[in-house]
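The values are calculated or read from the model by the stated rules, or taken from the named source; none is laboratory data. Values in this document were obtained by computation on a predicted structure and should not be read as measured data. With ideal geometry, Cβ positions are generated from the backbone for all residues, glycine too; neighbour counts draw on all protein chains shown. Ligands, DNA and RNA are excluded from the accessible area calculation, which covers all protein heavy atoms including side chains. Shrake-Rupley method; radii C 1.70, N 1.55, O 1.52, S 1.80 Å.
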Amino acid sequence: MGARAVSLLQRSGALVALVAAIVVGAMRYYDFLTAENLLNVLRQNSMLGLVALGMTFVILTGGIDLSVGSLVAVAGVVAARLSPAGSLVALVCGIAAAALLGLVNGVLISKVRIQPFIVTLAMMIAARGAALAATSEQSVSLGAAASGLAWLGRGDVGGLPVPVLLLLLAYLVGWVALRYTRFGRYVFAIGDSEEAARLMGLPADRIVMATYALSGALAGLAGVILTARLGAGQPVAATGWELDAIAAVVVGGTLLSGGQGGAGSTLIGVLLLGVIFNLFNLEGTITPWWQWVMRGAFLLVVVVVQGRLQRREAHG
Amino acid sequence: MTAGAPLLRMEGITKRFGSATALDAVDLVLQRGEVHALVGENGAGKSTLVKILTGAYRRDTGTVELEGQPVSFDTPAEAQAAGVCAVHQEIHLLTHRTVAENIYLGREPRRWGFVDWRRMNADAAALLLDLGLDMQPDAVVGSLNTARQQMVAIARGVSLGARVLVLDEPTSSLSPREVSILYALVARLKAQGTAIVYISHRFDELYAICDRVTVLRDGRLVETRPLAGLERLDLVCLMLGKRRDELRHGTTAFAEHQARTAGEPTTAPLLETEHVGGGSRLRDVSLQVRRGEIVGLAGLLGSGRTETARAVFGADPCARGKVSIQGKRLDARSPDDAIRAGIGFVSEDRKAEGIIPELSIRENLTLAALPLLTRYGVVSRRRQREMVDRFMERLGIKASSADQRIRELSGGNQQKVLLARWLCTSPRLLILDEPTRGIDIGAKGEIQGLVNELATDGMAVLMISSELEELVEGSTRVVVLRDGESVAELSGDQLSQQAIIHAMAEGGSTSSPGIAPDHPVH
């Protein structure tokens with residue numbers, strides 16, 4: 001029972017912090033608890049949220065994907081370039097390009113047996129370079145034919161912005177996939193012990209490849225949405241997003257060593273970091289540099305506390 | 001045989017690694033419902049044979065038939081699908097996941113394509129009940145003790161429909177009570193017609209549950225025969241490839257030194273612990289070790305043997321009592337203090353606390369002695385080489401060169417390197433925790449002989465062992481621990497296996513040495 005309480009706290013420690021942040025915000029800032037502000041927070045974080053969901057799958061297998069920021073840029077540029085051919089072509093090709101590069105990551109990691117850190121670092125550099133080279137460092141404007149993309153970036157369904165709707169949908173699917181499909185269970189198994197998973201006869205290589213392709217695809221979706229919101233594909237977009245995504249995953253409670261965590265945890269992590277950023281902005285007196293320092297410190301505190309809780313769980 | 005067609009027949013199995021022949025035309029035949037012991041010294045080819053059986057290795061030549069059908073497994077998954085499963089010494093389970101998930105991983109019951117958690121837990125509960133295991137299906141595997149984790153691994157094998165189950169050193173980390181749970185499970189599987197290959201170094205276990213035995217030596221089949229009617233001594237002879245009349249009296253190399261003279265009680269003890277306690281297991285341990293003595297430390301699992309050693313060595317804090325070396329209070333707060341005081345400690349867990357697997361023999365051997373070999377922060381290669389050569393020769397460490405990685409050595413040779421690691425710091429007191437566990441018989445004898453030599457040369461040795469024979473034949477005196485207290489000290493005529501068992505079970509007293517050695521054990 002005690003272990004279960006700790007495990008619950010560990011999973012929902014970020015949730016407690018999120019609720020606390022919201023309460024503080026509501027009491028301190030008149031503007032915080034308005035639908036406009038909250039939807040804003042959600043919309044601003046929807047793209048990072050999609051990237052973080054893909055990152056969750058990768059980290060659950062015990063891997064890491066540093067290339068997601070660059071893949072966001074690649075997808076955005078591809079979508080902008082192809083937008084004269086129509087919104088659907090732009091959307092599909094943007095996602096497919098990023099997914100393909102993610103798959104390359106996966107193949108190199110599982111078949112050629114190079115460490116994920118190295119493979120995705122190389123992809124991060126190379127993909128960013130490709131995006132810059134293909135555009136000569138200029139942003140690519142959306143074609144007039146891509147009115148669908150404009151809706152994707154700025155439209156809404158019953159008051160809910162489309163990016164937010166996509167975010168929530170993606171997390172729902174991600175949660176179900178992790179908990180109720182074989183693929184999801186295998187993702188956990190491989191992160192827990194790849195050796196054991198192989199000895200139990202799981203197709204570990206294919207699962208690993210699939211998670212990196214999925215991470216690429218979600219980064220691609222985020223990239224297309226970003227392009228739609230900005231009205232142009234920018235080769236320098238989403239720099240450093242890989243680190244924000246990793247931070248959100250870890251704050252949410254997913255272990256970097258793999259095997260424990262989930263989609264729900266990451267969504268909470270994304271929202272927590274987003275709300276805190278929002279509070280800084282509402283406060284208005286904290287310079288961005290100090291915001292970085294405080295976010296870094298906050299990340300450390302969360303990880304230390306989680307480590308403690310985990311050790312307690314391990315020792316019963 | 002009249003028992004009908006065998007369940008599994010492996011014939012003429014040969015496997016080469018480069019130029020070395022690991023298996024040379026070996027046969028293994030398993031009947032339904034038999035427990036088949038597979039024994040041999042390290043390097044005999046047991047694990048290679050098992051790996052071929054379970055699809056981890058591919059054979060070079062030979063045939064494998066399962067229920068009369070020729071089979072060939074390329075992966076463990078294929079072997080499992082055909083009903084051949086192995087439970088390894090290092091348990092391969094998912095520690096963050098539940099018992100039910102571990103049992104059904106890869107075969108989860110599903111409804112409309114989604115994992116049906118309720119049915120999975122119910123199925124697991126039914127299976128565990130059927131196997132007589134009292135375990136919650138939704139317990140996280142990492143929270144279970146080793147024995148229970150092993151049961152989960154076996155339950156998985158059973159649920160896969162295993163007809164052949166390989167248990168590789170299943171009891172190496174189990175307490176006696178847990179061993180009996182394992183026995184019960186084995187008996188149940190046997191009654192259901194499962195063939196079990198049982199690998200163990202412990203003869204008691206083999207004789208307790210195995211029907212037949214296959215002996216391998218140097219990659220060749222020596223003999224397959226019923227275990228009943230085979231004397232232990234003859235089994236040892238088969239494993240070692242020796243004739244019975246060649247064997248020394250007794251089964252340990254200590255035997256010839258049986259009459260170790262007790263260190264003169266008049267000399268002051270080198271190590272003395274007085275009422276040492278601390279932690280959850282150590283309550284009140286008092287013992288003395290003099291120069292030239294081998295003092296055995298006996299006790300059941302959990303009686304505080306290792307904890308005593310760790311407290312003396314400063315690896316764990318000792319909250320109460322007093323530890324002195326040559327009359328001077330030591331109270332080591334860290335192993336560093338203890339090493340300075342001239343104490344060496346060879347831990348029982350070679351893999352986790354002893355060797356550094358990727359480093360060479362040279363580096364492993366001189367790890368503790370580096371300060372002696374270092375001048376101005378630079379290690380003298382020449383002196384290091386001299387030291388390594390000297391100890392490799394003296395201890396008879398078998399390796400291709402001093403630069404070979406230690407993980408490639410056999411357990412016995414690894415243990416010798418660890419001994420050498422401490423010997424080159426010239427300790428006054430050497431603490432050995434299970435020095436011969438998991439080591440083949442040949443190397444075991446060499447290590448026992450070496451320990452004896454060291455004591456003869458004047459070193460004080462504190463030796464923890466679970467093997468009573470080793471304690472009785474090798475020690476000057478034996479201190480028996482029970483529930484964290486030293487309850488008896490036996491020497492001379494009082495020192496016998498019976499007396500130790502009696503003290504473990506009933507306690508005793510160092511002040512009244514009048515325990516009858518042949519007191520019946522309850």
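Data table
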quantity	calculated
Of all residues in the stretch B:102-123 being within 7 Å of chain A (Cβ to nearest Cβ) and under 26 Å from B:Lys51 (Cβ atoms), the one that is modelled with the highest pLDDT	B:Leu105
Residue in the stretch A:167-179 that is in contact (Cβ under 8 Å) with a residue 40 or more places away in the chain, basic (Lys, Arg) and within 14 Å of chain B (Cβ to nearest Cβ) present	yes
B:Val71 more than 26 Å from the chain's Cα centre (by Cα) and either at positive phi or more than 8 Å from chain A (Cβ to nearest Cβ) (or both)	yes
Number of the condition not met by B:Ala86 [criteria: (1) more than 26 Å from B:Tyr183 (Cα to Cα); (2) among the small types (Gly, Ala, Ser); (3) not in a helix (DSSP H, G or I)]	(1)
Residue match in the stretch B:351-359 (condition: at pLDDT 85 or above and open to solvent by less than 60 Å² (accessible area, probe 1.4 Å))	yes
Any hit, the stretch B:166-179, residues being within 14 Å of another protein chain (Cβ to nearest Cβ), within 27 Å of B:Ala81 (Cα to Cα) and surrounded by fewer than 18 Cβ atoms within 10 Å (Cβ to Cβ)	no
Top-ranked residue in the stretch B:458-496 [being within 19 Å of B:Ala268 (Cβ to Cβ) and among the charged types (D, E, K, R); ranked as most open to solvent (accessible area, probe 1.4 Å)]	B:Glu489
Test result for B:Gly412, on the phi > 0 side of the Ramachandran plot and either outside the structural domain of B:Leu454 (by TED's automatic domain parsing) or not aliphatic (A, V, I, L, M) (or both)	no
Total residues in the stretch B:302-321, condition open to solvent by 10 Å² or more (accessible area, probe 1.4 Å), within 18 Å of B:Pro435 (Cβ to Cβ) and touching a residue at least 40 places away in the same chain (Cβ under 8 Å)	4
Residue match in the stretch B:136-151 (condition: within 14 Å of another protein chain (Cβ to nearest Cβ), touching a helix residue (DSSP H, G or I) at 6+ places or on another chain (Cβ under 9 Å), under 17 Å from B:His88 (Cα atoms) and surrounded by fewer than 14 Cβ atoms within 10 Å (Cβ to Cβ))	yes
Residue, farthest from B:Trp117 (Cα to Cα), within the stretch A:155-182, restricted to residues that are in contact with a strand residue (DSSP E or B) (Cβ under 8 Å, 6 or more places away or on another chain) and charged (D, E, K, R)	A:Arg182
Among residues of the stretch A:261-297, those that are open to solvent by less than 40 Å² (accessible area, probe 1.4 Å) and of a type outside the set (A, V, I, L, M), counted	11
Tally, over the stretch B:142-157, of residues that are of a type in the set (Lys, Arg) and either at pLDDT below 85 or outside any helix (DSSP H, G or I) (or both)	1
Within the stretch B:405-429, considering residues that are polar (S, T, N, Q) and over 24 Å from the mean Cα position of the chain (by Cα), the one surrounded by the most Cβ atoms within 10 Å (Cβ to Cβ)	B:Thr425
Which numbered condition A:Val224 misses (of (1) under 20 Å from A:Ile125 (Cβ atoms); (2) at pLDDT 95 or above)	(1)
Members of the stretch A:180-226 found to be aliphatic (A, V, I, L, M) and within 14 Å of chain B (Cβ to nearest Cβ), listed by number	A:Val187, A:Ala189, A:Ile190, A:Ala196, A:Ala197, A:Leu199, A:Met200, A:Leu202, A:Ala204, A:Ile207
Test: residue in the stretch A:235-247 that is open to solvent by 60 Å² or more (accessible area, probe 1.4 Å), within 30 Å of A:Gly148 (Cα to Cα) and in contact (Cβ under 8 Å) with a residue 40 or more places away in the chain	yes
Test for A:Ser136: is it hydroxyl-bearing (Ser, Thr, Tyr), surrounded by fewer than 18 Cβ atoms within 10 Å (Cβ to Cβ) and modelled with pLDDT under 90	no
